[in-house]
Amino acid sequence: MIDVRNLTKNYGQLEVLKDITTTIHEGEKIAIIGPSGSGKSTFLRCLNCMEDPTGGSIIFNGVDISDFSVDINVHRRHMGMVFQQFNLFNNKTVLDNIMLAPITIAMQNLRKQQFKRFINKIRNLVAIEKRPLDEITTTPAQIRQAARENAMNLLKRIGLEDKATVYPSTLSGGQKQRIAIIRALAMNPKVMLFDEPTSSLDPEMVGEVLDLIKKLVEDGMTMVIVTHEMGFAREVATRVFFMDEGIILEDDTPERIFTSPQNPRTKNFLAKVL
């Protein structure tokens, strides 16, 4: 699903990612662990080109999304991203936060269809070239209604349908993060990227967010998770990357990483955090 080839990322003279090559297959759950400053979050942000790679390529569903000629926004629709700080719009209700992106994309597609139909109609009128006029059956009202129904279904899934009309400022941290997750799910992504989704939460709120992610695991969602929750990584991941100094030093099953790591740096890190 995602092929990373010789990925590098520099900030001036600082080399943050160093020639990373790996493949993430459909259905895999990748947990990325390692010390702070090891390049974990930068790697995740490069996967959907929120950070432009300095070198190398990122092939997503057969397309090199690191190529500047590619419309990255088209491909980001299939990559859900959840951040540490929720990134909800505080001036919009919970429901509006979830509906915003699906409505925006659907309206853009509708306008493209309308424009194409208009151009073909003009061509037919001046007899430049006869082209069929595709019927447009979707209306803006139908788009908004479908987005609303999907958003409410997602809220019911996490037991927060009663929060649909409130603003994010009234929610707990755990509720905000769960809303952020289902907002990403509203786009029906093929892969979910999580950047330390529990790091900003109080300890008692961590569990409710991890439980939601576990449900996504059970649903078969492909995901890449940067996390400091070692027990969670061991439980849900199919593979674990240990990163340090911009390099994936170890890539193996959770069982092998956590019980018999091969790299001395991995052993030292796990001895301190477990």
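The table for this structure:
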{"quantity": "Accessible heavy-atom area order of Phe194, Phe115, highest first, probe of 1.4 Å", "calculated": "Phe115, Phe194"}
{"quantity": "Cut-off 10 Å between beta-carbons: net charge of the residues surrounding Thr21, Lys and Arg +1, Asp and Glu -1", "calculated": "-1"}
{"quantity": "Cross-link partners of Lys267 among aspartates and glutamates (Cα-Cα below 14 Å; sequence separation of 8 or more within a chain)", "calculated": "Asp244, Glu250, Asp251, Asp252, Glu255"}
{"quantity": "Backbone N within the stretch 167-209 under 18 Å of label point (7 Å from Lys92 Cα along the Cβ vector)", "calculated": "167-171, 176-189"}
{"quantity": "Local electrostatic count at Ala186 - Lys and Arg +1, Asp and Glu -1, tallied over other residues with Cβ under 12 Å", "calculated": "+2"}
{"quantity": "Whole-number accessible area per residue in Å² for the chain, which is evaluated in the context of all protein chains at 1.4 Å", "calculated": "50"}
{"quantity": "Cut-off 14 Å between beta-carbons: net charge of the residues surrounding Lys163, Lys and Arg +1, Asp and Glu -1", "calculated": "+2"}
{"quantity": "Accessible-area composition of the stretch 103-226, carbon plus sulfur, in percent [1.4 Å probe]", "calculated": "51"}
{"quantity": "At 0.890 mPa s and 25 °C, Stokes D of the stretch 22-98 from Kirkwood alpha-carbon radius, µm² per second", "calculated": "168"}
{"quantity": "Cα-based helix-to-principal-axis angle, 264-273 vs the chain, degrees rounded to 10", "calculated": "90"}
{"quantity": "Relative contact order %, the stretch 122-215, counting alpha carbon pairs below 8 Å whose residues are six or more apart", "calculated": "23"}
{"quantity": "Calculated on alpha-carbon atoms, Rg and Dmax of the stretch 1-49 in Å", "calculated": "11.4, 37"}
{"quantity": "Whole-Å semi-axes of the ellipsoid equivalent to the chain (Cα gyration tensor, √5λ, descending)", "calculated": "38, 26, 15"}
{"quantity": "Extended-chain gain in nm, criterion 0.36 nm per residue less alpha-carbon gap, Thr137 and Phe115", "calculated": "6.5 nm"}
{"quantity": "Average silhouette area of the stretch 1-131, convex hull of alpha-carbon atoms, in square nanometres", "calculated": "12.5"}
{"quantity": "Rough spin-label spacing in nm, given labels placed 7 Å along Cα→Cβ, for Ser69 and Leu270", "calculated": "4.5"}
{"quantity": "Highest to lowest packing among 32-43, 70-81, 4-15, scored as the average C-beta count within 10 Å", "calculated": "32-43, 70-81, 4-15"}
{"quantity": "Accessible surface of the stretch 1-41 [probe 1.4 Å, protein heavy atoms]: carbon and sulfur percent", "calculated": "42"}
{"quantity": "Calculated SAXS-style log₁₀ I(q)/I(0) at q = 0.12, 0.14, 0.19 Å⁻¹ - the stretch 130-274, Debye, Cα scatterers", "calculated": "-0.63, -0.78, -1.17"}
{"quantity": "Estimated 222 nm signal from helices in the chain, with DSSP H stretches of n ≥ 4 weighted -39500 (n - 2.57), rounded to 500", "calculated": "-13000 deg cm²/dmol"}
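The values are calculated or read from the model by the stated rules, or taken from the named source; none is laboratory data. Please read these numbers as outputs of a predicted model, since none were measured by experiment. Note that each Cβ is placed from the backbone with ideal geometry, even for glycine, and that neighbours are counted across all protein chains shown. For the accessible areas, the whole protein counts, side chains as well, though only heavy atoms, and no ligand, DNA or RNA atoms are used. Shrake-Rupley method; radii C 1.70, N 1.55, O 1.52, S 1.80 Å.
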